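Peer 1: The structure that follows is given in the form of structure tokens.
Read the figures in this text as sums done on the coordinates, not as results from a lab. Owing to the predicted nature of the structure, the values given are computational and were not obtained by experimental measurement. Here the Cβ positions follow ideal geometry from the backbone for every residue, glycine too, while neighbour counts run over all protein chains shown.
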Amino acid sequence: MDVQAGAPLRYQSPAGRWVLLATVLGSSLAFIDATVVNIALPAIGHDLGADAAGLQWTVNGYALSLASLILLGGSLSDRFGRKRVFLAGIAWFATASLLCGLAPTVELLVTARVLQGIGGALLTPGALAILEASFAPEDRAKAIGAWSGLGGIGGALGPFLGGWLVEVGDWRYIFLINVPVAALVLWVAARHVPESRNPSAARAFDATGLVTGAAGLGGLTYGFTAWPAGGPGDPVVLISLAVGVAGMVAFVVAERRSAHPMLPLEIFRSAAFSGANLVTFLVYAANGGVFFLVVVNLQVVAGFTPMASGVALLPVTVLMLLLSARAGALGQRIGPRIPMTAGPIVCAAALAWLSMVGADASYGTDVLPPVILFGLGLALLVAPLTATALGSLDDSYAGLASGVNNAVARAASLLAVAILPLAAGLGAGGLTDPGTLQPVYRTAMLLCAGLMTGGGVLAWFLIPNRLTAHTPAESFCDPCSPPMVRRG
């Protein structure tokens, strides 16, 4: 059933809470599987005999398809209905998760992870677009902040549950548990989420943009992942990087010439939108490196159990839960520039501190303090950043704005996982060798601190104090019926 659309939802209303619950649970599936698999990497490597490249592609296979197709997911949600595409993504994600849990080899696991990323690309932009289109303008920052914070519940439970399942059960359960959660999301969303779309969106399919964008990201990622083993002169590395660069150039040319582009380049004329996405790229590249390497370092170098390493970053998600809605309201009250500048600088200090975690690390004195500081910085940053990225464009482009911002974030994380170990000096070594990993981890954390610092500096110069008000979105019960303009 479709919920009848009318007046915009209020943050404290029962209907608003149901919509928030559905979007939080749905997007949490995609967020958790982007990080919780890191806890299981040593177990996967031992069980399936995977080398460092295989383990990286267990992470990158998911991130690659997610980043490559998330623009398409946002565009489809604007065109054919945000609720409809969101539900399709949830169902797809659940099916792919089942395949991940049953994979007998690392090659089939990577394939299933690619399929899982496609589902994530459909559901992730839809979740934020539903919030942007459903809530009253004065409540959107609170709703997005609450979405960021409540997503921390899934983020908090995910590593804890994932570590526990790996330690006492089997790494496969971290994928199989997605199936009943997805069933719950489908039930809640079908009953309580209103449908909305952009009636003026073109119906044509931008196949050229899709292929060139995916080729660009895929080529760059594969080339950087293969570099440590093959070296910079390896033909596979050179060809992959050349395909990646050519694909990205072709994508920009195709979108500029297309009558119905998947990514209309004119949206980047908004200085706030462009600035928010540049900041997103830097800070999420840092996040990708942190959440990939910290849990591995704690297990391999510091000797933590999978469960202990899984809950080590729990304070980050708890702080996000407690503070993100307040940070969203703060950004709406004083403007996004100050929190988007201060947040990354605080994170940078935390990562410089976290880089010192080594073989004799104690959680209480060496890990917990910088993790708390990192969580405070992220809580200050994320909600204003997301609200700025979505609020910089007209509401009719909610799906596209969400898709672009998510694509930038996922591409940044994807490239960070591929490039950071290489830039930090991994060479041909493995991620499961303590002597090799420790110096690589230290250098990578300092590089991530530099990325965070750059994000804070860019935010100060590129993000305005106030965003311009835009036209309300058009929403309606049935995508085939005439639109009903919402009056706020």
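Peer 1: Long-range amide H contacts for Phe135: which residues qualify at under 5 Å (H placed 1.01 Å from N, peptide plane, sequence gap of 5 or more or a different chain)?
Peer 2: Long-range HN contacts for Phe135: Leu9.
Peer 1: Among Tyr363, Tyr62, which comes first, then next, by fewest other beta-carbon atoms within 10 Å? List each step's numbers first, then the result.
Peer 2: Details: Tyr363 16, Tyr62 28.
Listed from fewest to most nearby Cβ atoms, that is Tyr363, Tyr62.
Peer 1: Treat the count of other C-beta atoms within 10 Å as a stand-in for reagent exposure and order His260, His192, His46 from fewest to most.
Peer 2: On the way: His260 14, His192 19, His46 11.
Fewest to most other Cβ atoms nearby, the residues stand as His46, His260, His192.
Peer 1: Regarding region 16-75, what are the three Cα extents along the principal axes, ordered largest first, in Å?
Peer 2: Extents along the principal axes, in whole Å: 47, 24, 11.
Peer 1: Arranged from highest to lowest average of other beta-carbon atoms within 10 Å per residue, in what order do the peptides 335-345, 244-254, 365-375 appear?
Peer 2: Working: 335-345: 23.5, 244-254: 16.9, 365-375: 18.8.
For the peptides 335-345, 244-254, 365-375, the packing ranking is 335-345, 365-375, 244-254.
Peer 1: If a paramagnetic tag sat 7 Å from the Cα of Val253 along the Cα-Cβ line, which residues of region 204-224 would have the backbone N under 19 Å from that point?
Peer 2: Residues 206-220 fall inside that zone.
Peer 1: May I ask you to sort Asp139, Asp394, Asp47 by Cβ crowding, counting other Cβ atoms within 10 Å and putting the fewest first?
Peer 2: Details: Asp139 22, Asp394 17, Asp47 13.
Sorted ascending by nearby Cβ count, the order is Asp47, Asp394, Asp139.
Peer 1: What's the ranking of 438-448, 22-32 by average number of surrounding C-beta atoms within 10 Å, highest first?
Peer 2: Output ranking for 438-448, 22-32: 22-32, 438-448.
Peer 1: I'd like the distance separating the alpha-carbon centroids of region 19-50 and region 267-333, in whole Å.
Peer 2: So the two Cα centres are separated by 15 Å.
Peer 1: Quick check on packing: order 234-240, 68-74 by the mean number of other C-beta atoms within 10 Å, highest mean leading. Walk me through the intermediate numbers first.
Peer 2: Numbers: 234-240: 15.0, 68-74: 27.7.
In descending order of packing, they fall as 68-74, 234-240.
Peer 1: Shifting gears a bit: Checking the a/c ratio against 1.5 first, then a/b against b/c, what shape does the Cα gyration tensor give for region 300-349? Walk me through the numbers on the way to the answer.
Peer 2: Numbers: a/c = 6.71, a/b = 2.24, b/c = 3.00.
Oblate is the answer for region 300-349, as a/c is 1.5 or above yet b/c matches or exceeds a/b.
Peer 1: Would you mind classifying region 207-261 by shape? Square roots of the alpha carbon gyration tensor eigenvalues, ordered a ≥ b ≥ c; an a/c under 1.5 is rounded, otherwise it is prolate if a/b is larger than b/c and oblate if not. Display every interim value, and only then the final one.
Peer 2: Numbers: a/c = 4.57, a/b = 3.21, b/c = 1.43.
Since a/c reaches 1.5 and a/b is larger than b/c, the shape of region 207-261 is classed as prolate.
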